[in-house]
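Novice: Shown below is the structure under consideration.
The values are calculated or read from the model by the stated rules, or taken from the named source; none is laboratory data. Fair warning: this is a prediction, and the values are worked out from it, not measured in the lab. Quick reminder, even Gly has a Cβ in these numbers, built from the backbone with ideal geometry, and neighbours come from all protein chains shown. SASA here: full protein model, heavy atoms, side chains in, ligands and nucleic acids out. Shrake-Rupley method; radii C 1.70, N 1.55, O 1.52, S 1.80 Å.
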Amino acid sequence: MLGMRSLTVAVRFVVLIACPLMAQRFHIDHVTVAGKNIDVMRQALLAAGIRSEYGGPHSNHATEMAVASFPDGSYLELIAIQPNADPAALAAHYWHKFMEADAGPCAWAIRPVDIPAEVERLRKTGVAVTGPNKGGRKRPDGVQLDWENAQVGPTNGGFFPFMIHDLTPRDNRAFPSGKPSATEWTGVVKVVISVQDLDAAIGRYRSAYGLGEPHRQEDAAFGAKLALFPGTPVVLAAPLSPESWLSSRLDRFGEAPCAFVLGAKGHEANGLSHISWADTEKLGWHLGFAR
């Protein structure tokens, strides 16, 4: 049904009931997957059971994108290199290394209720925030989309999520055809972020967002030591060993998302949840499914 195979040993993540404040603070807008060719990426995602829609080129003369949108309003963005992209514009793009290497997950974005207030709050905790800056693109049907976003920390949506606010109707950005393109899954429920030092990463998240102690576990199948913050989609993952796939990924791309997890219809946000994974050889990156 999913066009995917599950790992023999399902990865277990602890998912606890979200408190309202944390749910608001980490309201996922979208997650981003990077690659060289948008058509190849869309076909691989479709083979994993997720339909996407072409969203058009960005106004930066470097990238184009497609959207797999979900009923809860979150979406999975596929971002790739435009045909005849301007070399200088591509080289200057913050995700160019991910695209050129077909690296898959590279960033995530949240949609706070009030970006200026959240910018001020984050800066008071000592976290650098850049922007908000305006961006946009035109859909293939001619509809213009405009937004503003703010980078949190030293990378754009890498360790910390960037923030986004729409200047045109958000539904036009999230739902190109007016409705979700992928309805079997409710939306993105977990963002797994690869980190070098788990204790240091936990401290940075707790300081920036006022979080409590995370739940910790080791997962040999995933090759990582995990920290899961109750009430949030945040999962921090440090390599179990220098031979872990996460170690080589960190060496190449630094601290950034390494996997995304989608939730199923009727999925309850409490207790233990088995995560099955799409075939990474076929898809090219780690995409999980929580039932």
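Novice: Please go through segment 213-235 and give me each residue that is farther than 16 Å from residue 277 by Cα and small (Gly, Ala, Ser), ordered by number.
Specialist: 227, 231
Novice: Go through segment 160-190 and give me each residue that's closer than 22 Å to residue 116 by Cβ, of a type in the set (Phe, Trp, Tyr) and assigned to a loop (DSSP other than H, G, I, E, B). Spell out the reasoning first.
Specialist: Looking only at segment 160-190, we keep the residues that are closer than 22 Å to residue 116 by Cβ, and these are 160-170, 173.
So of that shortlist, the ones also of a type in the set (Phe, Trp, Tyr) come out as 160, 162.
Matches in segment 160-190: 160 only.
Novice: Given the residues 287, 236, 246, which is the only one that is over 27 Å from residue 37 (Cβ atoms) and either open to solvent by less than 20 Å² (accessible area, probe 1.4 Å) or among the small types (Gly, Ala, Ser) (or both)?
Specialist: Values: 287 fails: over 27 Å from residue 37 (Cβ atoms); 246 fails: over 27 Å from residue 37 (Cβ atoms).
After applying the criteria, what remains is 236.
Novice: Another question about this same structure. Can residue 57 be described as at pLDDT below 95, open to solvent by less than 70 Å² (accessible area, probe 1.4 Å) and either farther than 23 Å from residue 224 by Cβ or hydroxyl-bearing (Ser, Thr, Tyr) (or both)?
Specialist: yes
Novice: Moving to a separate point now. Could you give me the residue pairs with C-beta distances under 9 Å whose first residue belongs to segment 241-262 and is over 13 Å from residue 107 (Cβ atoms) and of a type in the set (D, E, K, R), whose second residue is modelled with pLDDT of 95 or more and not in a helix (DSSP H, G or I) wherever it lies, and which are 6+ apart or on separate chains?
Specialist: Listed by first residue and then by second, the contacts come to 249/103; 249/194; 249/239; 249/256; 249/258; 252/101; 252/103.
Novice: Report, by residue number, each residue of segment 156-174 that is open to solvent by 60 Å² or more (accessible area, probe 1.4 Å) and either farther than 13 Å from residue 69 by Cα or in contact (Cβ under 8 Å) with a residue 40 or more places away in the chain (or both). Show your work before the answer.
Specialist: Narrowing segment 156-174 to residues open to solvent by 60 Å² or more (accessible area, probe 1.4 Å): 165, 167, 169, 171.
Result: 165, 167, 169.
Novice: While we're looking at this one, here's another question. Residues to consider are 41, 65; find the one that is touching a Leu at 6+ places or on another chain (Cβ under 7 Å) and modelled with pLDDT of 95 or more.
Specialist: Working: 65 fails: modelled with pLDDT of 95 or more.
Of 41, 65, the one residue that is touching a Leu at 6+ places or on another chain (Cβ under 7 Å) and modelled with pLDDT of 95 or more is 41.
Novice: Just to check your reading of the model, which residue among 66, 89 is open to solvent by less than 50 Å² (accessible area, probe 1.4 Å), touching a Phe, Trp or Tyr at 6+ places or on another chain (Cβ under 6 Å) and aliphatic (A, V, I, L, M)? Reasoning before the result, please.
Specialist: Numbers: 89 fails: touching a Phe, Trp or Tyr at 6+ places or on another chain (Cβ under 6 Å).
Sole residue among the options that is open to solvent by less than 50 Å² (accessible area, probe 1.4 Å), touching a Phe, Trp or Tyr at 6+ places or on another chain (Cβ under 6 Å) and aliphatic (A, V, I, L, M): 66.
Novice: Quick one: which residue in 181, 177 is under 30 Å from residue 278 (Cβ atoms) and crowded, with 18+ Cβ neighbours inside 10 Å?
Specialist: On the way: 177 fails: crowded, with 18+ Cβ neighbours inside 10 Å.
Checking each option against the conditions leaves just 181.
Novice: In addition: State all residues of segment 96-126 that are exposed (fewer than 12 other Cβ atoms within 10 Å of the Cβ) and at positive phi; if no residue qualifies, say none.
Specialist: Listed by number, the list holds a single entry, 126.
Novice: Could you check segment 184-207 and list, in sequence order, the residues that are open to solvent by 30 Å² or more (accessible area, probe 1.4 Å) and either within 18 Å of the chain's Cα centre (by Cα) or closer than 18 Å to residue 260 by Cα (or both)?
Specialist: At the first step, the residues of segment 184-207 found to be open to solvent by 30 Å² or more (accessible area, probe 1.4 Å) are 184, 186, 189, 196-197, 199-200, 203-204, 206-207.
Within segment 184-207, 184, 186, 189 meet the criteria.
Novice: Please determine, by comparing only the residues of segment 199-226 that are among the charged types (D, E, K, R) and without any contact (Cβ under 8 Å) to a residue 40 or more places away in the chain, which one is nearest to residue 124 (Cα to Cα). Step through it out loud before you land on a result.
Specialist: Within segment 199-226, the first condition is being among the charged types (D, E, K, R), and the residues that meet it are 199, 204, 206, 213, 216, 218-219, 225.
Next, only the ones that are without any contact (Cβ under 8 Å) to a residue 40 or more places away in the chain stay: 199, 206, 213, 216, 218, 225.
Values: 199: 22, 206: 14, 213: 21, 216: 28, 218: 33, 225: 30 Å.
Selected residue: 206.
Novice: When the residues of segment 32-50 are narrowed to those that are open to solvent by 10 Å² or more (accessible area, probe 1.4 Å) and of a type in the set (Gly, Ala, Ser), which ends up farthest from the chain's Cα centre (by Cα)?
Specialist: Applying the filter and picking the extreme gives 47.
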